[in-house]
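Below: the structure, in structure tokens.
Any read-out appearing in this document is the output of simple, stated calculations on the displayed coordinates, not a laboratory observation. Here the structure is a predicted model, which is why all the values come from computation and not from measurement. Cβ coordinates were reconstructed from backbone atoms using ideal geometry, including for glycine residues, and neighbour counts include every protein chain displayed.
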């Protein structure tokens, strides 16, 4: 069956999104008074400094454990902890600091942003712009540069994402290409011309550090430098994928209501520390000015207007699995989440996507 | 030709906050700084069409509610990605408890 969707950012999907008014559209927001929103938006260095100190201590401690126990089975738990901190929790730090909401002090956001970008093998300039686009045009085909699972879903690719192999294979060559001064047409579509040279310089810095790491590994005749820098992107990325895939997978595309295309999932406290509360993802997309530490409060305030959250990651994956299977055959099919009676209804046109034929099969 | 127009009453704007002001088909943002001075800029972010009046004022910074782009609302200076184009500012004066802005 021919694919209906063109996810290129400079293709037919882009043209359609612009023509139909889906690009840079007005989005639905739950009513929150200015006074309350101002309180929720307030920045503070305290929570992020506390969490970052814990993060650094855990990273350094687990790295020390890896070095100390290298060559024995005792290294495994340290690899597990270090890998997730390096390869997964860096994603939420990157994300929150890209918004500039983690810390009140700007340079603190920038320092953590650049460190986390490096850990993720992400060009900090490119990804700042791609994420801005993701917020402007969330899951709008042809516009959003960060659609993790496209339709029809490639389930093998989604499964392999947990190993980090595909992302590694994409991210490293991308940085190498950018370091040689080449940006793709998609990248040029969302990075302003005046910023493009910064993306090249950032990629070169990343390459310098990776080259130094490889040189150190060769000089020491040891895998340890690579296990600590670079390879965690493979063995520690699974938690980022586990939590991140749930943000939008299986939900509607080409709509302008985050309640339809974004998912909030209740999670355990460890995952929430790793993920910095991004499990409250509808709330984050609706109000990206609210810092991660205020998202639970925002959730309590507006949950009457949102679909009921999935009570666990397991529940969310069980719910979405049949939807993904159906999308293999009917890519227009999606999971429409029910609103509580207290919520304002979805706008009529969002109901009218043709999923009835697929549902009837 | 430039003209002074009444934007709002002084008390309409909280300290370290911003409100929206529409006039002649245009939208402006009126700020009250923490040291009780008033400023005015264009009402929309220069990055994408978002109302700055829904953003957050911190000291002399206005942060856009959509992508967290930051401007110095006193000078209009864009403070870095994702905003690259400065914000237009307008002269402000206070007369009889009213905030007046000069619109060109």
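Quick one: Debye curve from the C-alpha atoms of the range A:118-275, no solvent, what's log10 I(q)/I(0) at q = 0.08, 0.09 Å⁻¹?
Debye intensities relative to I(0), on a log10 scale: -0.28, -0.35.
For the residue pair residue A:105 and residue A:26, what label-to-label distance in nm results when each label sits 7 Å from Cα along the Cα-to-beta-carbon direction?
Distance between the two pseudo-spin positions: 4.1 nm.
For the protein assembly as shown, place one equal point scatterer on every Cα, skip the solvent, and apply the Debye formula. What is log10 of I(q)/I(0) at q = 0.05, 0.07 Å⁻¹?
-0.20, -0.39
Given 0.36 nm per residue, what is the gain on full extension from residue A:34 to residue A:176 after removing their alpha carbon distance, in nm?
46.5 nm
Along the Cα-to-Cβ line of residue A:72, 7 Å from the Cα, sits a label point; which residues in the range A:220-252 have backbone N less than 19 Å from it?
Correct set: A:223-224.
How much FRET efficiency would the formula 1/(1 + (r/R0)^6) give for residue A:269 and residue B:27, where r is the Cβ-Cβ distance and R0 is 41 Å, rounded to 0.05?
0.40
For the pair residue B:94 and residue B:20, how long in nm is the line joining their label points, each one 7 Å along Cα→Cβ?
With each label point 7 Å from Cα toward Cβ, the separation is 2.6 nm.
Under 19 Å from the 7 Å Cα→Cβ point of residue B:79, by amide nitrogen: which residues of the range A:105-144?
Residues A:105-114, A:128-129, A:132 qualify, since their backbone N sits under 19 Å from the label point.
Based on the Cβ-Cβ distance of residue B:12 and residue A:308, what FRET efficiency does E = 1/(1 + (r/R0)^6) give at R0 = 60 Å, to the nearest 0.05?
Step by step, r from the Cβ atoms, then E = 0.95.
With springs only between Cα atoms under 10 Å apart, run a GNM on chain B and tell me which of B:50, B:29, B:78 wobbles the most.
Judging by the Gaussian network model, the answer is B:50.
Multiplying the sequence separation of residue A:186 and residue A:315 by 0.36 nm and subtracting their Cα-Cα distance, what value in nm do you get?
Full extension of this stretch gives 42.9 nm more.
Would you work out the relative contact order for chain B, in percent, from Cα pairs under 8 angstrom that are 6 or more residues apart?
28 percent
For the range B:13-89, take the alpha-carbon Rg, divide it by the Kirkwood Rh, and send me Rg/Rh.
0.92
Could you work out how far helix A:106-119 tilts from the main Cα principal axis of chain A, as a 0 to 90 degree angle to the nearest 10?
80 degrees
Specify the residue with the greatest mean-square fluctuation among A:238, A:94, A:223, computed from a Gaussian network of chain A linking alpha-carbon atoms under 10 Å apart.
A:223
Considering chain A as a Gaussian network with a 10 Å cut-off on Cα pairs, which listed residue, A:114, A:134, A:315, attains the greatest mean-square fluctuation?
Comparing A:114, A:134, A:315 in a Gaussian network model of chain A, the most mobile one is A:315.
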